[in-house]
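Read through the structure below, which is laid out as structure tokens, and then see the notes.
Nothing in this text is a laboratory measurement; each read-out follows from the coordinates by a stated rule. Only a predicted model underlies this, so the values are computations on that prediction, with no experimental measurement involved. Here Cβ is always computed from backbone atoms with ideal geometry, including for glycine, and neighbour counts include all displayed protein chains.
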Amino acid sequence: MTPLPPQAQIREVGLRDGLQSIPTVLPTARKCEWIAAAHAAGQREIEVGSFVPARLLPQLADTAEVLAYAKTLPGLVSSVLVPNLKGAERALECDADLMLLPLSASHAHSLANLRKTPDEVVAEMGRMRAARDASGKKTLIEGGVGTAFGCTLQGEVKVAEVLRLMMALLDAGADRVSLADTVGYAHPRAVAELFEQAMKLAGDRFCCGHFHDTRGLALANVYAALQVGVTRFDASLAGIGGCPHAPGASGNAATEDLAFMLAACGVNTGIDLTALLALRANVAAWLQGEPTHGALWRAGLPSTFQRTPA
């Protein structure tokens, strides 16, 4: 049996990927309360929002204010999604720790989501890197390759194209890269094969896996990635989120379920699961009427389970 890594990091993306996918606009104070409780529970990386026009995503219009609050918490890495150079400039102005540029390996999805071809997004990465370097800021730049396992609009996405675009992002100036199963097409065998190739090419600049639970395989896919050495994963509290181009999608991997699976497998995340479940209950109440997902909150932790991180 392949030994699993002793530690793994969960980046909370509910405040961005989750909230942008539902109609409810969560007040800034609630977002800050969420971040504070997540930090207290042991989470150390949170994607707090996205610098996009407020008219497009009013749910994330307060990203600058939320980021400013997150920056006050010790040891917290605060990341934001940026779709273009203008968003990157805002991230730099607000001193984000990390900004993530999403790229769809699917040509059709890229045009629908960003109105750019994949190679035009690569060119945007080059402009973002130049802006970062000119600013003197230490903000890291991550290039996230989405629809890495297929696309509801295009269908098949070639592995060779995914890897080409991943390396093109690095060549254009990304500090690191990640892969995302945007529409829930991945399965464990495909994850192991693609992530193994990606890590061989990108080395320690490959940093993260992002899985949606559209067909119930998010945790199985995380486990497959763990077995090839990936140690950082995105997840969303209560499994909120998804993709507008994936009808019927059930959202992202649920943070609490992922944290439980990792802990049960002996992989330390530093997260207090009891505290995380309490936060999940609060967030679900704040988002009353919105669809939430996950399994751990229904059954609770086993009575024999170690409730605090080692």
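Between the C-alpha center of the range 30-73 and that of the range 115-165 there is a gap of 23 Å.
For Val177, the amide hydrogen comes within under 5 Å of the amide hydrogens of Gly143, Phe206, Cys207, counting only partners 5 or more places away or on other chains and with H modelled in the peptide plane.
Going from the fewest other Cβ atoms within 10 Å to the most, the residues His187, His210 appear in the order His187, His210.
Tell me, what is the percent relative contact order of the chain, built from C-alpha pairs under 8 Å that lie six or more residues apart? This gives 20 percent for the chain.
Database remark: amide H of Leu81 closer than 5 angstrom to the amide H of Gly49, Ser50, Phe51, Leu100 (H placed geometrically; neighbours at sequence offset of 5 or more, or on other chains; Pro and chain starts carry no H).
Its DSSP H runs of at least 4 residues, each contributing -39,500 (n - 2.57), put the calculated 222 nm mean residue ellipticity of the chain at -12000 deg cm²/dmol, to the nearest 500. Annotation: aspartates and glutamates with alpha-carbon distance below 12 angstrom to Lys116 (same-chain offsets under eight excluded): Glu124.
Ranking Ala108, Asn84, Val122 by Cα position along the charge dipole of the range 81-122, where only Lys, Arg, Asp and Glu carry charges on their C-beta atoms, puts Ala108 farthest toward the positive end.
Counting beta carbons within 10 Å around each of Val52, Val13, Val230 and listing the fewest first gives the order Val52, Val230, Val13.
The GNM of the chain, with springs linking C-alpha atoms under 10 angstrom apart, assigns the highest mean-square fluctuation among Ala54, Ala238, Ala105 to Ala54. Using Cα springs under 10 Å in a Gaussian network model of the chain, which residue among Gly241, Gly173, Gly75 shows the largest mean-square fluctuation? Sorting by GNM fluctuation, first place goes to Gly75. Residue exposure proxy: Asp119, Asp133, ordered by other Cβ atoms within 10 angstrom of their Cβ from fewest to most, comes out as Asp133, Asp119.
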